[in-house]
Amino acid sequence: IEIYSLHVDCKVTSRFAHTVVTSKIVNRANESREATFEVELPKTAFITNFSMSIDGKVYPGIIKEKASAQKEYDTAVSRGQSAGLVKITGRKLEQFHVSVSIAAASKVTFELRYEELLKRQLGKFELLIKVRPKQLVKHFQIDVHIFEPQGIRFLETDSTFMTNELTEALTKVQNETKAHILFKPTVDQQKINPELDETLLNGDFVVRYDVKRGATAGDIQIVNGYFVHYFAPHEMPVFPKNVIFVIDRSGSMAGRKIEQTRAALLKILQDLHPEDHFSFITFNSKVAEWRSSLLQATAENMANAAGFVQTLSASGGTDINRALLTAVSVLDKAERLPKSSVSMIILLTDGQPTSGESNVEVIQENIQKAVNGKYALFCLGFGFDVSYKFLEKMALSNGGIARRIYENADAALQLQGFYQEVATPILRKIEMQYPENAVEGLTKNNFKLFFEGSEIIVSGKISNELDLLPVEIKAQSHASDLTLKEEANVKEKEQVFQNQSYIFGNFIERLWAYLTIQQLLEKSISAQEEDQKTLEAQALELSLRYSFVTPLTSMVVTKPAGQQQSELANKPTEAG
């Protein structure tokens, strides 16, 4: 079985990435063989299309509601055989895998399409392409086109498998608003060494970039009646933070995990700003406060804290409920904190609640009642024994996010990286306002906090009659209350994309659908049951209308007669 052509074509238009992976395979044996197509794609992406064509006949993947697809599938296949076609393969990736039997001398072309909205983190966007053909490929190429009307501020490529030879196969062409990256290694360049038919191509190919920004109320782009509004202010004063680290030191944290936690906390202490206040609460079946109140991040307090962190050891049970309630009460009682500051609780745990209150619903309710919208709660789940679903619901119900920390050598760096994302709050209570009568289907438009290096995105549909789209942003900065205003000329904005040959026409509409589905699914995690059904029904309707494989839909992959007739591609989620 020979893969004679493998192309990855990626078009990024204004952060929205559309990727097509095409693999052409020929069976050079004199009997039928199994041809396999394997693509690792970002977890944040939605598959939108798949097809295989064998000797000219096309077998498309069909996207259906998950429940009904599963029912059909179970009837077709005796139970127990249903291994899905997509599984999570790492911290950022999931893998799509399909095999089909093809006759001697036959050819098959596989094509998979997926889309995602690139998310700005720590000041850059990242496009991740996983490369693993497992054999030398005669025609191999990665072709990336980027168009950012705001202008490209910087662009870099990075790869885990580059050699000097392979660097010669990489070309980058860039102007003010566009970039074209082509990676096209010959068979010789792909070889580990001239004698062996082994490929070097195994790992990540990454493009990172950021766009230029004026000091205005963000940037608005409009195509075919849909708009997207990007807002990422920079160079603003940072709010002082009051942060409580709630650290699990139960028995399961013993050994490498607690060591990595100590290493990360020592680094994080160095990153605190002098006007920040902080404290630690550690817990197993007992809850211990390092100090009874928050301390300012002075040199002396930091040195004491570092001494304390170095003594952290692990044993015993896990009382998450009391640990978090203690953290809330420390913030509630705090005096002499900077008047205009941002308070947050960062929980790190590696297990289920086993001591004290162990019913997760009760814990969620207790914490939400206690926090009552005053503080942001971030939940970090260390490893795979945590109930990620529980942590995610708790964080999303309290203005924060959850993140899984993988038990690898770099866990301390993962913890530090997460802290850096939330270390610099520069705006709070951000409201993005648009004329009510002229805009519908608006995505989330008010945000509790904005962190330096990230980006706020709002999208919606504008009514036909509109010539000017006025926007107003209200927010609190550390220095003052802000009001920013801007008017977008609809016709002028539409013009920007008119002459761009490689843009898929309705990309802002698809971006809007993608963002809306992501937000509906996220909202449903922390919603009450009745609301959950409504939110999921809306997300399902959009997933089907725009053909996205989301956690609510399945793609049914059909095969030639005589082979296992249909298989399902489902979207896995972090919570499992």
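How much of the DSSP beta bridge set in segment 241-423 is antiparallel, as a percent to the nearest 5? For segment 241-423, the DSSP antiparallel bridge percentage is about 15. The charge dipole of segment 241-423, taken about its Cα centre with unit charges on the Cβ atoms of Lys, Arg (+1), Asp and Glu (-1) only, comes to about 160 debye. Within segment 316-369, the GluC sites (Glu not before Pro) that combine a DSSP coil assignment with at most 11 other C-beta atoms in a 10 angstrom radius are Glu335.
First measure r as the distance between the Cβ atoms of Gln135 and Gln310, then evaluate 1/(1 + (r/R0)^6) with R0 = 30 Å and state the FRET efficiency to the nearest 0.05. Let's see the in-between values first.
On the way: r = 50 Å, r/R0 = 1.66.
Calculated value: 0.05.
Applying a DSSP loop filter and a limit of 11 other Cβ atoms within 10 Å to the trypsin sites (Lys or Arg not before Pro) in segment 1-104 leaves Arg28, Arg79. Kirkwood's formula applied to the C-alpha pairs of segment 330-413 gives a hydrodynamic radius of 13.9 angstrom.
Round to the nearest 10 and give me the degree value, 0 to 90, for the angle of helix 411-422's Cα axis relative to the longest principal axis of the chain. Approximately 70 degrees, to the nearest 10.
Count charges around Val371 for me, please; just the other residues with Cβ under 14 Å from its Cβ, Lys/Arg as +1, Asp/Glu as -1. Spelling it out: positives minus negatives among the neighbours equals +2.
FRET efficiency for the pair Gln532 and Gln498, taken as 1/(1 + (r/R0)^6) with r the Cβ-Cβ distance and R0 = 30 Å, rounds to 0.10.
A simple spin-label model places the labels of Glu436 and Glu195 7.8 nm from each other, with each point 7 Å out along Cα-to-Cβ.
Give Lys124/Lys333; Lys107/Lys184; Lys212/Lys448; Lys119/Lys474; Lys87/Lys474; Lys66/Lys429 a once-over and call out the pairs whose C-alpha atoms are over 30 Å from each other. Please report the intermediate quantities before stating the final value.
On the way: Lys124/Lys333 38 Å; Lys107/Lys184 23 Å; Lys212/Lys448 25 Å; Lys119/Lys474 22 Å; Lys87/Lys474 42 Å; Lys66/Lys429 37 Å.
Table pairs above 30 Å Cα-Cα are Lys124/Lys333; Lys87/Lys474; Lys66/Lys429.
Seen against the Cα atoms of the chain and their longest principal axis, helix 388-397 is set at about 60 degrees.
Quick check: net charge around Gln121, other residues with Cβ under 12 Å of its Cβ, Lys/Arg +1 and Asp/Glu -1?
Numbers: positive: Lys92, Lys119, Arg120, Lys124, Arg208, Arg403; negative: Glu126, Asp210, Glu421, Glu452, Glu455.
Residues near Gln121 contribute +1 overall.
Three semi-axes describe the equivalent ellipsoid of segment 399-448; taken as square roots of 5 times the Cα gyration tensor eigenvalues and ordered largest first, they are 35, 13, 7 Å.
Relative contact order of segment 241-423, taken over Cα pairs closer than 8 Å and 6 or more residues apart, is 24 percent.
The slack in the chain from Ser106 to Thr186, taken as 0.36 nm per residue of separation less the alpha-carbon distance, amounts to 26.3 nm. If you sort Thr199, Thr160 by accessible surface, 1.4 Å probe, largest first, the order is Thr160, Thr199.
How much net charge surrounds Ser397 when only other residues with a Cβ under 12 Å from its Cβ are counted (Lys, Arg +1; Asp, Glu -1)? Before the final figure, lay out each step's value.
Working: positive: Lys369, Lys393, Lys523; negative: Glu361, Glu365, Glu392, Glu522.
Summing Lys and Arg as +1 and Asp and Glu as -1 gives -1.
For the residues Met236, Met52, a 1.4 Å probe over the protein chains yields an accessible-area ranking, largest first, of Met236, Met52. For segment 541-551, putting each phi into the Karplus relation 6.51 cos²θ - 1.76 cosθ + 1.60 with θ = phi - 60° gives couplings of 4, 5, 4, 6, 5, 9, 6, 10, 7, 10, x Hz, in residue order, rounded to whole numbers and with x for Gly and Pro. When Ser524, Ser340, Ser292, Ser358 are compared by accessible area of protein heavy atoms, the largest-first order is Ser292, Ser358, Ser340, Ser524, using a 1.4 Å probe.
Taking the solvent-accessible surface of protein heavy atoms with a 1.4 Å probe, what is the per residue accessible area of the chain in Å²?
Details: 25430 Å² over 576 residues.
Using a 1.4 Å probe on heavy atoms only, each residue of the chain averages 44 Å².
Pairs of Cα atoms in the chain fall into 10 Å distance bins, from 0 up to the last occupied one, in shares of 3, 15, 24, 25, 20, 10, 2, 0, 0 percent. Simple spin-label estimate for Ala334 and Ser53 gives 6.2 nm between the two label positions (7 Å along the Cα-to-Cβ direction from each Cα). Give the carbon-plus-sulfur fraction of the accessible surface of segment 241-423 in %, rounded to a whole number; probe 1.4 Å, heavy atoms of protein chains only. Answer for segment 241-423 is 47 percent, counting heavy atoms of protein chains only.
For trypsin sites (Lys or Arg not before Pro), the sites in segment 185-232 that DSSP calls loop and that have at most 14 other Cβ atoms within 10 Å are Lys212. Summing -39500 (n - 2.57) over the DSSP H runs of n ≥ 4 in the chain and dividing by its residue number, what mean residue ellipticity at 222 nm do you reach, to the nearest 500 deg cm²/dmol? Computed ellipticity for the chain at 222 nm equals -7500 deg cm²/dmol.
The values are calculated or read from the model by the stated rules, or taken from the named source; none is laboratory data. The structure presented is a predicted model; accordingly, all values stated were derived computationally and were not measured. All Cβ positions, even for glycine, are placed from backbone atoms using ideal geometry, and neighbour counts span all protein chains on display. To get the accessible areas, we keep the full protein, side chains included, count just its heavy atoms, and leave off ligands, DNA and RNA. Shrake-Rupley method; radii C 1.70, N 1.55, O 1.52, S 1.80 Å.
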